[in-house]
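Right, one structure below, let's go through it.
The values are calculated or read from the model by the stated rules, or taken from the named source; none is laboratory data. Values in this document were obtained by computation on a predicted structure and should not be read as measured data. Note that we place each Cβ from the backbone using ideal geometry, even for glycine, and neighbour counts take in every protein chain shown. In case anyone asks, the SASA skips ligands and DNA or RNA and just uses the protein heavy atoms, side chains included. Shrake-Rupley method; radii C 1.70, N 1.55, O 1.52, S 1.80 Å.
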Amino acid sequence: MMRVLHVVGARPNFMKVSPIMREMAKYPQKFNQILVHTGQHYDDEMSQVFFDELDLPRPDVYLGVGSGSHAEQTAKVMLAFEPVLLEQKPDIVLVVGDVNSTLACALVCSKLGVKVAHVEAGLRSFDRTMPEEINRVLTDQIADLLFTTERSANENLLREGVAQDKIYFVGNVMIDSLLRNKERALALDILNRYDLKPRAFALLTLHRPSNVDVPDVLAGIIDALEEIQSRLPIIFPAHPRTMRRIQEFGLEGKIARMSNLRVIKPLGYLEFLNLMANARLVLTDSGGIQEETTILGIPCLTLRDNTERPVTILQGTNTLVGTDPGRIVAEAFNVLSGRAKVGRMPELWDGHASERIVGILKELA
Ligand code: UD1
């Protein structure tokens, strides 16, 4: 019997852990599962809605760390997680993705000699100003088992000196969730609620500090949106950080004057999936959305200069457009004139990644 402790903390974690827990639950004689939520994200629409929609069990332990500076948040997770680890005594801790909770919990494990498995290991933007890049590099150095989503990740890990026998190319658990929930999502009646027509709107997300914490960059992106919305309505479920910055930088008035840009609260998993699948194009600075749009076959313009997910560019529907307003507008209009990228499914993004992960862990149990 293997005692497995799963860590979730922030919004992009929930859809990755859900398929793994469901798959493990099929083998109750092999696995005993514990779920810890750090509370990095705590608003209902950033957290609880995902538990409800993805059938995640109620966390066994909630650390309630909340927001703070990077040092503060990471340290709070570490302090709160250590006694839980000592009490729960898992055989292995599973961490996913690249958020502060991922690194904080992996670090606590390494100090206490508890095995760590990292799901979505090896992705690299090669941009060390990104907090997630530091979280990825360090978590991978500590992890005992590294599960990767694309072949470039294996190469990155080998180059960084990670032993080959720790690395398993298994595919993408987030796509397991997407494929499992797509029909349910499409059955929702969300387009009517926002007065949208299929393939006749753009969906926007924006939250990365390098885009929203710098006044000139955020203002430039908003200039680009102004032009795009004159030809295509934009719906924008806004992250709480972004809403705060828009207010702080006095950009609210400008946004309010754009009649075709609609700002709404963050959406749940299924509603967002529905909008992605029906959009004409997606504008985003998220990591995961680059992958989800690739599987849905929807053109994605990523408002960044780099990506840690190169397979979405090489094989998928993703294009890096940076943050220059002229370039963003040109690329969006390019899609509108029918010149969108047509992608294909990256290797092993087939809905069975969790089965592969659990199969590997079963051998170790
Ligand atoms: C975190 C992740 C990022 C991920 C993103 C998805 C890190 C370093 N970053 O960034 O990789 O793409 O989640 O959302 O871990 N806030 C709320 N309610 C919440 C959570 C946050 O209002 O439930 C506000 C707070 O003002 C907080 C700010 O959002 O200060 C940022 O939250 P934080 O968890 O620090 O980082 P994210 O920007 O969400």
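Structural remarks
- No other residue among 122, 97 is open to solvent by less than 40 Å² (accessible area, probe 1.4 Å), in contact (Cβ under 8 Å) with a residue 60 or more places away in the chain and either in contact with a strand residue (DSSP E or B) (Cβ under 9 Å, 6 or more places away or on another chain) or closer than 16 Å to residue 3 by Cα (or both) apart from 97.
Residue-by-condition table, conditions (1) closer than 24 Å to residue 197 by Cα; (2) not in a loop (DSSP other than H, G, I, E, B):
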{"position": "250", "(1), (2)": "no, no"}
{"position": "255", "(1), (2)": "yes, yes"}
{"position": "259", "(1), (2)": "yes, no"}
{"position": "273", "(1), (2)": "yes, yes"}
{"position": "292", "(1), (2)": "yes, yes"}
{"position": "307", "(1), (2)": "no, no"}
{"position": "313", "(1), (2)": "no, yes"}
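- Among the numbered conditions (1) assigned to a loop (DSSP other than H, G, I, E, B); (2) among the hydrophobic types (A, V, I, L, M, F, W, C); (3) at negative phi, the only one that residue 126 does not meet is (3).
- Of all residues in region 185-225 being in a helix (DSSP H, G or I), without any contact (Cβ under 8 Å) to a residue 40 or more places away in the chain and open to solvent by 50 Å² or more (accessible area, probe 1.4 Å), the one that is nearest to the ligand (Cβ to nearest atom): 215
- Just one of the listed residues (241, 245) is open to solvent by 10 Å² or more (accessible area, probe 1.4 Å), in contact with a His (Cβ under 8 Å, 6 or more places away or on another chain), part of a helix (DSSP H, G or I) and at negative phi, and it is 241.
- Only a single criterion out of (1) touching a residue at least 24 places away in the same chain (Cβ under 8 Å); (2) surrounded by fewer than 19 Cβ atoms within 10 Å (Cβ to Cβ); (3) not in a loop (DSSP other than H, G, I, E, B) is not satisfied by residue 330, namely (1).
- The set of residues in region 34-76 that are in a loop (DSSP other than H, G, I, E, B), open to solvent by less than 50 Å² (accessible area, probe 1.4 Å) and over 12 Å from residue 11 (Cβ atoms) comprises 38, 39, 56, 59, 63, 64, 65, 66, 68.
- Any hit, region 341-354, residues being in a helix (DSSP H, G or I) and either surrounded by fewer than 23 Cβ atoms within 10 Å (Cβ to Cβ) or hydroxyl-bearing (Ser, Thr, Tyr) (or both): yes
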